[in-house]
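The values are calculated or read from the model by the stated rules, or taken from the named source; none is laboratory data. Worth saying up front: this structure is predicted, and the values here are computed from it rather than measured. Here the Cβ is made from the backbone with ideal geometry for all residues, glycine too, and neighbour counts use every protein chain on show.
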Amino acid sequence: MGRRRIFGAVTRASVASLAIALALRIATSAVASARVYTGTIVDDGATTVSLTVEKRDGQRTVTEFSARNFMIGCDGGVQARLDAEITGSTNIRDGRFAVKAGNGAQVVALTGSLVGSTQATGTVRYSGLTKVIVGETSERLDCDSGRLQWKASR
């Protein structure tokens, strides 16, 4: 069987939201403040990203990141859009943070940095087996977003 190409409308991954809980330290102290940054994947206005930064015991931490409606490429040339969310807590050091989370079949890697007091930038990459609807058929395909650059502000 030859390689299949899908043209025309982009197919949509049937995964409404990929939620990957991180097994990271979660501070038990009260949250003093939370800052939410919102933006997009660079060169893809159809996406949205959101990053929540909280200050706990004097340490800034990323407590949530989400990317919505970003493109992934899958086996056979299939393209789809996907939502991904990372929750948990990771410290920000020297204005930078990095998280890699997965559930065995799927992995989300996130890097970022805070630029000044109102900007954040970074990359996100999704890879793994994903249930995708192609026409009227549901298939599990190996998919990868590639490294996507994001920008957000508050």
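For the range 93-108, a residue qualifies if it is modelled with pLDDT of 90 or more and surrounded by fewer than 17 Cβ atoms within 10 Å (Cβ to Cβ), and the qualifying residues are 93, 94, 95, 96, 98, 100, 107. Number of residues in the range 134-153 that are at pLDDT below 95 and either surrounded by fewer than 15 Cβ atoms within 10 Å (Cβ to Cβ) or under 20 Å from residue 47 (Cα atoms) (or both) equals 5. Please tell me if residue 7 is among the aromatic types (Phe, Trp, Tyr) and modelled with pLDDT under 90. For residue 7, the condition - among the aromatic types (Phe, Trp, Tyr) and modelled with pLDDT under 90 - is met. Scan the range 60-78 for residues that are of a type in the set (S, T, N, Q), buried (at least 18 other Cβ atoms within 10 Å of the Cβ) and within 21 Å of residue 43 (Cβ to Cβ) and the total you get is 1. The single residue among 123, 90 that is on the phi < 0 side of the Ramachandran plot, surrounded by 13 or more Cβ atoms within 10 Å (Cβ to Cβ), within 12 Å of the chain's Cα centre (by Cα) and in a strand (DSSP E or B) turns out to be 123.
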